[in-house]
Amino acid sequence: MMLTRPERLALLLHLMGDEATEMARQDLSGEALDELDQALKDFESYPPSQEEVDMVLGDFEDYFHMALQTVDKKDPTPEDEQHDDDGPKILQIAEESFDVEIEPTKRFTPPKLTGDTVRDLNLMHPYQVAQALKNENPVATAIVLRKLANEHAAKTLEFLPEAVRPNVFLQLAQPLTVSSLIQERILAKALQLSLQVEERETEQETTSQMANLMRSLPRALRKPMLDELEKRDSDLAETVRNQLYRFEDIEKLGDRDLQKLLGQCQTDALVCALQQVDESLLTFILSNMSKRAKESLQEEMEFKTNATEEEIMEARGSIAKILAGLCEAGEVKID
């Protein structure tokens, strides 16, 4: 369903709550106000779908990111400073203090701290700040982002988990009512946590952690989680799904299930995958093959002894993928 501009605004305000809605209504009049009120009424009677919510939040994310990068960077005037009683002033110089691209190295060089919490936060890499904030309350995260330089805040948002960003965006749109003392404590904690992030996780490490977590869950619980991840990031979901099952899991199969798996494996892939394998696994596999198939496999293994490590891992990966398909279909079971 395509939403009109008034409907998009109404949905965003609907998600933000009554306070934000009333503030927006005060700046509208005439036909525009009537359209907004009608759209708000419609959403109360007919709640928006998840697809509509995701679309509006996505638009807001794109706009906010653009705004952070294009906002006027002039120094605050004395009049501006008089109206800012929420703590340390936002810095506009930190963009040049870090490389906003993902550099090849995984480790971060500790910055030379100045003792000024806000300035020191701006000296941290956006990835470090995002890692410090990823499990924090969206209100606390928004407080920290407000004190970061524009480019720094934008990159920090990019590094935050995708599921976290919408709530943080909504908090950034809300008036700040937290006292200066609480803000200072939140900023100090964010700096402390940022300093503890000494290196960046690679995508492979991250997906491995997600796969390891899901491997510990029953298949019935994994499916809805993977389905939801598929909606948000199909590539990541596919990567995680491929790591849920491993070649070594073959040892956890019963005899009948192993025979079913072997029946779908290409002989050349199996020959390559079994090179350098543990003797116990090789014995288990051979014991579940017919005499003719076993003799044929052993004969080919005698000739195929020079496979590279890359070829072996690729062959094992292809077998693990077949195992994954059988397990997810419920045709075989890993004990």
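The values are calculated or read from the model by the stated rules, or taken from the named source; none is laboratory data. None of the values given here were measured: they were computed from a predicted structure. Reconstructed Cβ throughout: ideal geometry from the backbone, glycine too, with neighbour counts over all protein chains shown. We work out accessible area using only protein heavy atoms, side chains counted, and drop any ligands, DNA or RNA first. Shrake-Rupley method; radii C 1.70, N 1.55, O 1.52, S 1.80 Å.
Structure notes:
- The set of residues in the range 288-299 that are closer than 20 Å to Arg316 by Cβ and either open to solvent by 80 Å² or more (accessible area, probe 1.4 Å) or aliphatic (A, V, I, L, M) (or both) comprises Met289, Ala293, Leu297.
- The range 280-291, residues that are among the hydroxyl-bearing types (Ser, Thr, Tyr) and assigned to a helix (DSSP H, G or I): Ser280, Thr283
- Residue within the range 149-161 that is buried (at least 23 other Cβ atoms within 10 Å of the Cβ) and under 14 Å from Gln183 (Cα atoms) present: no
- The set of residues from the range 146-176 being among the acidic types (Asp, Glu) and within 19 Å of the chain's Cα centre (by Cα) comprises Glu158, Glu162.
- Flag if Lys294 is charged (D, E, K, R), touching a Leu at 6+ places or on another chain (Cβ under 8 Å) and not in a strand (DSSP E or B): yes
- Hits in the range 233-279 (condition: buried (at least 19 other Cβ atoms within 10 Å of the Cβ) and outside any helix (DSSP H, G or I)): Leu244, Tyr245, Leu253, Leu274
- Residues in the range 130-143 that are out of contact with any Lys or Arg (no Cβ under 9 Å at 6 or more places or on another chain) and aliphatic (A, V, I, L, M): Leu133, Val139, Ala142, Ile143.
- Filter pass, Ala190 being out of contact with any Gly (no Cβ under 9 Å at 6 or more places or on another chain), modelled with pLDDT of 85 or more and surrounded by 15 or more Cβ atoms within 10 Å (Cβ to Cβ): yes
- Hits in the range 99-118 - residues which are crowded, with 18+ Cβ neighbours inside 10 Å and at pLDDT 90 or above: Thr117, Val118
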